[in-house]
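Heads up, the thing below is written out as C-alpha cells.
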C-alpha cells in the first residue's frame, strides 16, 4: 500500500499549515480506517509530551508514547499506535493513531507518514505559531523565546556523527546557547556560556551567534570566526559586555577536531568508559578586548568517542547548599555511554533538576557529540 503513503505526502504538502494533523488524518481514515489521530509534541524541558488539540500531557517514562519517543520506533498497545515524529535526528514528538492493526507492513507505512509529518512541521514552523504554542507547558520568558528561536534544533544525526543539546531552565533561559552546521565533510559547533540577565543576555548571545554564522558562511577559519565575533561584540559594548564560547570544527573524515577556547565552557571526553576533561588553551572571552588574536588547537578523536560541552551552570548547580561539582558530573557522564546523545543530555538535565529539587537558578547548557567514524 505505497499509494496511501504518497497520498499522505501530497496531502501534507497541500494542507494549510495549521491543519496538517487533520489533513493527514483524513487520508488515514480512508486508507487504513483510522479514526483517531493526534500529535503529541515534546515540550521545551523534554519532560512532557503535549497534545496539539486534545488529551492530557504524558509524563510517565513507561508510557507507550515515551517508549516510542525514546526508542524511535512504532509502539502498538491495545490497538493504539504511537509513531515517532522525527526528521534527520530532530525528535519533535509522537503521533497517536487508533485503531491500528497488528500488521508490520501497516506499521511501517504509518511510520513513514509520521516522518513525512515531521518534515512538513519543520517546513511550516516559520509561518505559524500553532505548533510552537502547543509545545509549551508554561509561558516562556521573552529572553527564553529569543534563545529558543536562535537554535538550529535540539538533535541532529548524520552517518558520521550524532549531536544533541539542551538549555536549562528551559522556560527562563537567558544567555547560554549552542549552534551547529555541517556540509557533509565538516561539522561546526559553538557553545556559548552567556553573561548577564534577561533580554540583555539574550541580545548579547544573539549578536555573537549571528557574527559567528556570518564568519562561518564566509568561509573563514575558526580563529577568524572568533575574531570577527569578538570585534562585533567589542564594537557595540566597548568591553563592558563579553561572553565565553567554545568553537569547534570536526573533520568528519579524519576525526581531527579543531578548537578555539574563548573563555569556554568545560569540554569532557568519554572514551572507552573513561571520562577526562580536555585541556584547552585558555583565551580571552569574546568582546572583552579589541582586536584579540585567537589561536586554534587540535584534538584527534577516535571512532566511538563522545564529547560533552557543559557550562558552569551545570557544575555550579546547588542543592541543599552542596554543589553538583565535577566529580558527580564525571560519574554521571560515564553512565551515559549506551544512550543516544539526546537521551544522555536529557538524563543529565533531569539529574540536575533532581539534585536542586526543581529548575536550575543559573543558566546551563549541555551539548553531546558522538563521532561514529569516517563514512564512505
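None of the figures in this text is laboratory data; all of them are computed from the coordinates on show. None of the values given here were measured: they were computed from a predicted structure. Heads up, the Cβs are rebuilt from the backbone with ideal geometry, glycines too, and the neighbour counts pull from every protein chain shown.
Suppose the filter is under 18 Å from residue 87 (Cα atoms) and touching a residue at least 24 places away in the same chain (Cβ under 8 Å); does residue 127 pass it? Outline the logic, then answer.
Numbers: under 18 Å from residue 87 (Cα atoms): no; touching a residue at least 24 places away in the same chain (Cβ under 8 Å): yes.
No, not satisfied.
Take residue 214 and decide whether it is at negative phi and buried (at least 18 other Cβ atoms within 10 Å of the Cβ). Quick ask: steps written out before the conclusion?
On the way: at negative phi: yes; buried (at least 18 other Cβ atoms within 10 Å of the Cβ): no.
So residue 214 does not fit the description; no.
Any residue that is touching a residue at least 60 places away in the same chain (Cβ under 8 Å), in contact with a strand residue (DSSP E or B) (Cβ under 6 Å, 6 or more places away or on another chain) and surrounded by fewer than 21 Cβ atoms within 10 Å (Cβ to Cβ) - is there at least one of those in the range 101-117?
No - not one qualifying residue is present in the range 101-117.
In the range 98-110, which residues are farther than 18 Å from residue 29 by Cβ and in a helix (DSSP H, G or I)? Spell out the reasoning first.
Restricting attention to the range 98-110, the residues satisfying the condition of being farther than 18 Å from residue 29 by Cβ are 102, 104-105, 108.
If the condition is that a residue be farther than 18 Å from residue 29 by Cβ and in a helix (DSSP H, G or I), then 104, 105, 108 are the ones that fit.
Inside the range 7-60, can you point out the residues that are assigned to a helix (DSSP H, G or I) and within 30 Å of residue 166 (Cα to Cα)? Can you show your working first?
Keep residues of the range 7-60 that are assigned to a helix (DSSP H, G or I), which gives 7-14, 17-32.
Across the range 7-60, the qualifying residues are 12, 17, 18, 19, 20, 21.
Considering the range 145-179 alone, what residues qualify as being crowded, with 21+ Cβ neighbours inside 10 Å and free of Cβ contacts under 8 Å to residues at least 60 places away in the same chain?
147, 179
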